[in-house]
Structures are given as structure tokens and as C-alpha cells.
1. Test A:Pro11 against the criterion of being in contact with a helix residue (DSSP H, G or I) (Cβ under 9 Å, 6 or more places away or on another chain), assigned to a strand (DSSP E or B) and either touching a residue at least 40 places away in the same chain (Cβ under 8 Å) or not hydrophobic (A, V, I, L, M, F, W, C) (or both), and give yes or no.
2. Taking the range B:81-125 as the region of interest, how many residues are farther than 18 Å from A:Ala209 by Cα and of a type outside the set (Val, Ile, Thr)?
3. Exactly one of these conditions fails for B:Lys395: (1) touching a Ser or Thr at 6+ places or on another chain (Cβ under 7 Å); (2) more than 8 Å from every other protein chain (Cβ to nearest Cβ). Give me its number.
4. Of everything in the range A:38-69, what is crowded, with 21+ Cβ neighbours inside 10 Å and under 13 Å from A:Val173 (Cα atoms)? Give them in sequence order.
5. Suppose we filter the range A:75-100 for residues that are touching a strand residue (DSSP E or B) at 6+ places or on another chain (Cβ under 7 Å) and surrounded by fewer than 17 Cβ atoms within 10 Å (Cβ to Cβ); how many remain?
6. Being of a type in the set (D, E, K, R), within 14 Å of chain A (Cβ to nearest Cβ) and touching a residue at least 40 places away in the same chain (Cβ under 8 Å) is the filter here, so list the residues in the range B:29-70 that pass it.
7. Among the listed residues A:Gly336, A:Gly328, A:Gly318, A:Gly375, identify the single one that is more than 30 Å from B:Leu402 (Cα to Cα), touching a Pro at 6+ places or on another chain (Cβ under 8 Å) and modelled with pLDDT of 95 or more.
2 protein chains.
Amino acid sequence: MAGTSQVVLRPKTTDEVSAILKYCNERKIAVVPQGGNTGLVGGSVPVFDEVVISTQLMNNIISLDDLSGVLVCQAGCVLATLEDHVSAYNLTMPYDLGAKGSCHIGGNIATNAGGLRLLRYGSLHGSVLGLEVVLANGEVLDCLSTLRKDNTGYDLKHLFIGSEGTLGVVTGVSILCPQKPNSVNVAFLGCDSFSRVLDTFKQSKQQLAEILSAFELIDAASMLTVKENLNLSSPIEDYPFYVLIETSGSDGNHDKEKLDRFLEHLMETGIVENGTVATEPTKIQNIWGLRERLAEALMHDGYNYKYDVSLPLSKFYGLVEAMRERAGAATIRVIGYGHVGDGNLHLNLTTSEYRQDVMDLIEPYIYDWVSGCHGSISAEHGLGFKKKDFIYHSKSKSAVSLMKKMKHLMDPNGILNPYKMLPSD
Amino acid sequence: MAGTSQVVLRPKTTDEVSAILKYCNERKIAVVPQGGNTGLVGGSVPVFDEVVISTQLMNNIISLDDLSGVLVCQAGCVLATLEDHVSAYNLTMPYDLGAKGSCHIGGNIATNAGGLRLLRYGSLHGSVLGLEVVLANGEVLDCLSTLRKDNTGYDLKHLFIGSEGTLGVVTGVSILCPQKPNSVNVAFLGCDSFSRVLDTFKQSKQQLAEILSAFELIDAASMLTVKENLNLSSPIEDYPFYVLIETSGSDGNHDKEKLDRFLEHLMETGIVENGTVATEPTKIQNIWGLRERLAEALMHDGYNYKYDVSLPLSKFYGLVEAMRERAGAATIRVIGYGHVGDGNLHLNLTTSEYRQDVMDLIEPYIYDWVSGCHGSISAEHGLGFKKKDFIYHSKSKSAVSLMKKMKHLMDPNGILNPYKMLPSD
């Protein structure tokens with residue numbers, strides 16, 4: 001999605017952001033906060049003539065306390081740069097994303113980024129300790145605490161995590177970085193059915209427990225996509241489902257022992273059909289590539305209908321099957337992959353070019369299906385501009401009504417990222 | 001603190017809570033939501049003639065998904081009952097409190113309870129997946145999601161976590177329960193100085209990493225308190241500082257090996273002077289008793305001036321020393337203990353009975369001291385009635401101003417737990 005704005009401002013300081021917002025608010029000029037602009041639902045892109053406020057030049061790392069693990073930085077720091085910085089102190093960022101090379105931490109906060117480590121380190125609502133935010137009228141809200149515990153009044157920072165820039169512009173972040181693991185291992189397994197995938201998940205929680213750091217699904221159609229479009233190859237023969245399990249821990253020998261015992265149990269009980277373990281970085285990277293390069297592989301088909309939903313695990317793969325039955329004949333492929341450990345499915349369909357008849361087969365059917373299972377129509381991508389009118393499929397009327405009241409309270413002139421997240425009704 | 005209310009209502013259902021609030025809101029009758037009434041700052045106690053809404057009869061467990069670990073229950077369930085329930089499915093509650101035998105999960109949410117497992121499982125903002133809340137006007141806000149990821153609109157549930165019943169009455173909770181550890185070990189160590197305690201913490205993060213589940217401090221004056229007042233005995237000889245480290249993991253042998261290696265390193269490098277490891281439940285319980293029974297031991301002295309603050313680790317014990325110098329001579333004792341792992345100090349002073357001159361030595365000195373280090377004047381106990389006017393010591397004017405606007409938006413008649421949390425100015 002490309003925007004049409006004529007003005008992009010690149011402030012360096014919080015005071016500059018404050019001055020911009022004060023000016024715009026007084027004149028009722030709409031603004032769009034923009035980080036690395038890596039979002040998938042058009043949240044950081046101007047719709048009409050909004051002024052873009054880019055955090056690109058706000059990229060200072062302010063402090064790192066290597067004992068508590070608390071990092072404080074400006075909103076425009078790139079995730080990969082932060083990972084490199086904390087890594088030198090034996091720490092790691094509590095989240096990881098495919099877009100890490102260009103996404104900004106401020107944008108990650110504004111969109112409540114999920115990603116690959118959520119299973120282990122939890123959501124940003126747990127990791128973010130403090131925020132500095134400039135409100136619509138230019139007022140600076142200082143909640144940039146570095147404390148793990150602070151029960152003095154409402155914890156306002158949570159308002160801004162995942163609010164897609166509609167309540168304020170995040171300028172500073174304080175975040176808790178866990179210890180960097182000494183040992184990372186990856187297992188890649190083949191399963192005969194999705195119910196075996198769930199059995200594998202149950203066993204992994206019991207046997208790998210504290211060292212489990214990712215549990216990802218790749219279905220056969222996904223594997224075919226990276227084989228056909230990127231010429232990648234699988235380390236094991238063909239199965240209907242593949243599971244990528246990552247462990248991270250402080251003792252390589254202990255981790256390997258747990259993983260070997262776990263795999264042995266899975267093979268003996270017939271839960272998995274085949275599997276391989278990678279401990280060398282290159283082999284690990286190759287296996288992760290099968291999962292991480294799926295988005296890239298899909299683009300080779302032409303047009304990609306992308307969906308990112310949360311579902312109860314018992315319904316997780318049912319949606320892929322239902323969609324394949326409904327739209328399979330009209331598309332090149334219907335594939336399902338994602339973070340089983342978080343209940344987060346990425347469902348993708350492709351055609352050589354955009355087709356309205358295919359879109360009509362998908363929407364609103366998919367949202368009704370997800371809603372029928374009490375799932376979420378956007379697990380981690382947000383609503384942005386593209387999905388905002390589907391909010392009622394995942395949120396109650398009373399909840400949306402309260403959201404609108406809060407938006408009006410905090411941005412009475414409606415200058416902050418209008419036309420995003422909240423429905424137009 | 002004892003209240004003076006004449007009316008206590010014990011609804012069984014959300015609809016009943018809704019009817020009560022609708023009635024009270026229309027007539028501008030103030031209410032106090034009350035769980036197990038175990039708070040320490042008077043948050044759940046009526047100040048004048050407020051109607052008490054007790055969640056005592058709302059104690060149904062609604063569902064438990066043993067694969068995802070999601071528990072859904074009514075707000076009045078007692079924490080220990082929930083722990084017993086999920087324990088049968090090899091899960092554990094993500095927090096643990098001394099008051100577990102009587103506190104209600106709804107009250108824990110409303111006060112953002114911290115407790116003994118925060119170091120491992122993080123805060124309730126990360127663990128709570130959904131809430132059902134009755135708003136001031138009786139409207140039921142259904143955010144009782146069971147999903148780990150849901151980025152559709154503002155995540156309203158966070159508003160109510162830690163809001164001490166001033167924005168709504170929590171009636172239903174959905175919470176993520178981690179796998180129950182197979183193996184729990186405790187080490188009890190003696191250190192010569194507080195800087196050695198911090199060295200020990202640093203080493204524990206590196207070497208115990210994913211199995212570290214508690215890092216607690218007991219100073220010599222605290223040890224003397226349980227010895228003198230409860231006749232408990234220490235498993236090691238006398239030191240200025242004691243550290244209690246708990247590990248929880250899935251493999252007892254691995255955990256023991258990590259812990260032994262860690263202790264060996266600490267002894268060899270002289271970071272700790274002496275230490276003992278407990279693996280049997282009785283011995284573990286005895287060691288935990290030294291820490292958990294401190295509140296009880298203090299009561300034997302007569303009057304207890306209790307403080308619960310968050311501080312940067314470099315300043316953590318400085319407050320105890322400053323207070324001892326200032327008020328030591330006027331008191332029976334000044335002791336410091338708490339969750340070093342979370343930066344959370346419990347500072348206590350005792351006299352045989354309440355003395356205003358001693359109080360004048362403590363307050364506002366202590367709040368100024370904490371504020372000077374950018375700490376929190378209430379780490380986990382909340383502000384309630386007793387501490388609300390000190391909120392500016394930990395929160396900025398712009399933050400408190402926004403809190404008040406939100407309170408007015410959501411409770412325009414001010415019926416929900418008035419006189420609590422927000423300052424009277």
C-alpha cells in the first residue's frame with residue numbers, strides 16, 4: 001500500500017514531536033506516525049493528505065542496565081540494531097520479527113508486535129516497562145519507568161501498546177531484555193495429521209517446558225511453496241504437516257538431552273513419523289528459512305491474499321481446510337502455517353493477479369468463520385486501514401463503544417492516524 | 001483497617017452485579033468491590049457508607065483447556081483453590097502470594113498482584129488473556145478472550161488490571177497457566193555485603209537463567225525478627241545478608257547440576273560465604289518460612305510501619321540504611337527484605353504501639369527518597385486509601401491528569417470505589 005502524503009517530517013527529539021503535534025492539533029491537521037513502515041494492514045501509511053511523522057532520526061539508545069536487563073531507547077531504533085547492542089551484554093530482545101532489519105521499536109509497540117519469541121517471552125504488555133508518548137495536543141506523557149513493579153495509579157502505557165498510533169506518538173521505550181541463551185537447537189518433524197501436531201505440542205510443553213522457545217507449523221502446501229518458488233529443500237521426506245521446534249537454554253548438554261529424549265518418545269509412540277535435529281547455526285538457519293521465507297515465496301505467485309488469525313487450537317487447521325474446499329479451485333494455492341504455540345495461524349491464498357471473485361469467496365466468509373470460533377481476525381498484524389471495519393467480528397459492541405470514547409477523550413480533534421483501527425460507522 | 005458499611009451484597013452472577021451497579025449508578029450510591037479483603041492499603045474497605053459488593057459467591061471455575069493452559073473462572077475464586085484445580089492438569093497459576101488461602105483472583109487482578117513468581121512468569125498484564133468487567137452504569141464489558149494474540153482494537157482489559165476497582169468490577173477472568181515444574185530446589189546463601197548479593201543475582205541470571213524462579217533477600221535484622229518472634233532457626237550461621245534462590249524446572253537432575261555448579265562458582269570466587277541447598281519439600285518449606293513468615297513475625301513487636309517500594313538495584317538497600325540511621329533509635333527494628341529479582345523492597349519498622357513522632361520521621365522522607373531515585377512508592381500493594389495522596393512521588397502530573405480524565409469518562413458519577421487510588425486534589 002502506497003500513501004499520497006506531500007509532507008514527511010523527521011523529528012530528532014521528543015520536543016520536536018511535541019511541537020509538531022501542538023501545531024497540527026491547533027490547526028486540525030491529521031498526522032500519521034511512521035516507523036520502519038513494515039506493517040501489513042496499512043496502519044502507517046497516509047490515506048489522504050496526512051502529514052507523516054517519521055521516527056527515522058529518533059534512533060538513540062539511551063541506557064542499558066546489564067544487571068536488571070532494562071534497555072531505554074528512542075522510538076526509531078531498528079530492532080536488529082537493538083538486538084546487536086544488547087547481545088554484547090549477554091542479553092536478547094524479548095521479541096523477534098521477520099522485519100527486524102528495518103522495523104522500529106516504536107512501531108513494534110504501537111502495533112503490539114508478536115513474532116517468533118512470544119511463546120517464550122510473552123507479549124509486549126509484559127516486556128515493556130515504560131513509554132514516553134506525545135499526546136494529540138503536544139503534551140508529553142512521561143511513563144518511561146524502568147521498574148518491573150509499580151502499582152501507583154492506572155498503568156497508562158498499556159493504552160498505547162497496540163493502539164496503532166491513534167492515541168499518541170510513542171517517542172521513548174523502556175523494555176526488559178532477558179538473558180541471551182547459550183544454546184539454541186532446532187528440531188524439524190513430520191506428522192501424519194494435525195491432531196498429531198497437537199499431540200506433539202502437548203508433549204513439547206511437558207518435556208521441553210522451560211527451554212521451548214518456538215513451536216511453528218508448516219503444512220505440505222507451504223513446503224511446496226518454498227520448494228517451487230525459492231528452490232529450498234526439506235531436510236526430511238514429504239509429510240502432510242511439519243513442525244519446527246526451537247529450544248533455547250543456558251546449558252547445551254542439558255538442552256540436547258531433553259530434546260533427544262523428547263524426540264525418542266515421539267518416535268516410539270508414533271506421534272511423529274520422522275525428524276531431524278539441528279545444532280549448527282547454518283543448519284538451524286536453513287530450517288528456519290523454510291518458515292521465515294514463506295512470505296517471500298508466496299509473492300512469486302503474483303497476488304497474495306494474506307490473513308493472520310487467532311483460533312482455539314482445536315479449530316486451528318479447520319480454517320485452512322474450509323478455505324481450501326471453498327476457494328482451492330479458483331487459486332494457485334491455499335496454505336496454512338504459523339505459530340501453533342500462540343494459536344496464531346497465517347492463512348494465505350494466491351492468484352496470478354488480484355481477482356475480485358476470489359476475494360468474494362474469501363471475505364467476509366473467513367471473518368465469519370473465525371468469529372464463529374471466538375477467534376481473532378487479526379492476531380498480530382493489527383487492523384490498520386484495511387481491516388478496521390471487521391472489528392465487530394472480534395470485539396463486542398460495548399468494547400468498541402468504549403474504544404471510541406477513549407479515542408475522543410485523548411484526541412478530540414481526531415488528528416492522530418485517522419481512518420485507522422476504529423470502524424467508520 | 002476496618003470499614004463502616006452497613007450493607008454487604010453477595011451477587012452470584014455477572015447479571016446480578018450489573019443490576020446492582022445500574023441501581024447504584026442511577027441513585028449515585030457509592031460501592032466498594034471486595035474480594036478476599038487481604039489488601040494492605042485499604043483498597044477494598046469502605047471509607048464512609050459505601051455498599052460493599054463482595055465476590056465471595058462468584059466462585060465457579062468455568063473451563064480449563066489443558067493443552068493451551070487457559071483457565072476461565074469467576075472473579076471470586078480463591079487463588080489456592082485455582083492452584084489445586086490446575087495442578088491436577090499439570091499446570092500452575094502464574095503467580096503466588098502469601099494470602100493465597102483467602103485472596104480472590106478478581107481482587108488480584110484489580111490490584112495487579114505481584115508476589116513470588118513474578119521473576120519467572122512476569123506480571124498479570126502478560127498472563128491475563130481476558131476479563132469480563134461490569135462498568136459503572138451496569139453495562140457488561142465482554143473482553144473474556146481466551147486467545148494469546150488478538151490485535152483488534154485497544155486492549156481494554158489492561159485498564160482494569162491494577163485499577164483497584166475504580167473503573168469497573170471484574171467478574172470473569174481468563175488467565176494463561178504455565179506448565180507445572182517437576183522439580184523445585186531452593187538454595188539459601190549468606191553474603192558479606194549487599195554488593196555481593198547483587199553479584200549473586202548477576203551470576204544466577206547467567207547460570208540458572210531459565211530455571212530461576214525466585215531471588216529473595218533477607219537482611220540480618222529480618223533474620224533476627226523471625227528468630228526472636230517466631231523462634232525459627234537459620235540453616236546457616238550469621239551473615240549480614242541472606243539470599244533465597246528458588247529454581248523450577250522440568251528435569252530434576254539437570255536443575256540440580258546447574259544449581260551445584262552455580263554454588264561451587266559462588267563459593268570459589270568468594271561471592272558468597274556459605275550456603276545450603278534444599279530439595280526435600282519439608283526443608284524447602286522451612287527455608288521459605290524464614291521469608292514468608294516475616295510479616296507475621298513483625299506483628300509480634302506491636303505496631304508495624306509497612307512500606308513496599310520499587311528501586312533501581314544500585315539503590316535497593318540504601319533506603320534501609322538511610323531509614324535505620326534516621327529512625328533506628330526510635331524503633332524496635334528497621335528491616336529490609338523482598339524480591340531483589342523484581343527490584344521490590346519491603347521495608348518495615350516496628351514500635352510497641354503507634355507513635356506519631358516515629359511516623360513523622362518516616363513520612364514523607366521515605367517517599368521523597370524513593371522519588372529521588374525514580375522508584376515507585378508502591379511496588380505491588382497499590383495506593384488504595386492510605387497512599388493515594390502520595391501518587392505524585394511516582395507519577396507525573398500529566399499522567400495523573402490523564403488518569404482522572406479516564407476515571408471521569410468511565411465513572412462520571414464517581415460511584416466506583418471513591419476515595420481510593422486517585423489523589424483528592
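1. Details: in contact with a helix residue (DSSP H, G or I) (Cβ under 9 Å, 6 or more places away or on another chain): yes; assigned to a strand (DSSP E or B): no; either touching a residue at least 40 places away in the same chain (Cβ under 8 Å) or not hydrophobic (A, V, I, L, M, F, W, C) (or both): yes.
No: the conditions fail for A:Pro11.
2. Kept after step one, since they are farther than 18 Å from A:Ala209 by Cα, are these residues of the range B:81-125: B:81-85, B:96-116, B:123-125.
Now drop any that are not of a type outside the set (Val, Ile, Thr), which leaves B:82-85, B:96-104, B:106-108, B:110, B:112-116, B:123-125.
Here the count works out to 25.
3. It is condition (2) that B:Lys395 fails.
4. Result: A:Thr55, A:Met58.
5. So the first thing to find is which residues in the range A:75-100 are touching a strand residue (DSSP E or B) at 6+ places or on another chain (Cβ under 7 Å), and the list is A:75-78, A:82, A:85-86, A:89-91, A:94.
Within this subset, residues satisfying the condition of being surrounded by fewer than 17 Cβ atoms within 10 Å (Cβ to Cβ) are A:89-90.
Total meeting the criteria: 2.
6. Residues of the range B:29-70 of a type in the set (D, E, K, R): B:49-50, B:65-66.
If we keep only those that are within 14 Å of chain A (Cβ to nearest Cβ) too, we end up with B:65-66.
Listed by number, the list holds a single entry, B:Asp65.
7. Details: A:Gly336 fails: touching a Pro at 6+ places or on another chain (Cβ under 8 Å); A:Gly328 fails: touching a Pro at 6+ places or on another chain (Cβ under 8 Å); A:Gly318 fails: touching a Pro at 6+ places or on another chain (Cβ under 8 Å).
Answer to the check: A:Gly375.
The rows are residues; the columns are (1) among the hydrophobic types (A, V, I, L, M, F, W, C); (2) modelled with pLDDT under 95; (3) under 23 Å from the mean Cα position of the chain (by Cα).
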{"residue": "B:Val186", "(1), (2), (3)": "yes, no, yes"}
{"residue": "B:Gly190", "(1), (2), (3)": "no, no, no"}
{"residue": "B:Glu210", "(1), (2), (3)": "no, no, yes"}
{"residue": "B:Thr225", "(1), (2), (3)": "no, no, yes"}
{"residue": "B:Ser233", "(1), (2), (3)": "no, no, no"}
{"residue": "B:Asp255", "(1), (2), (3)": "no, no, no"}
{"residue": "B:Leu259", "(1), (2), (3)": "yes, no, no"}
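The values are calculated or read from the model by the stated rules, or taken from the named source; none is laboratory data. The structure displayed is predicted, hence computed values, not measured ones. Glycine gets a Cβ as well: all are built from the backbone with ideal geometry, and neighbour counts include every protein chain shown.
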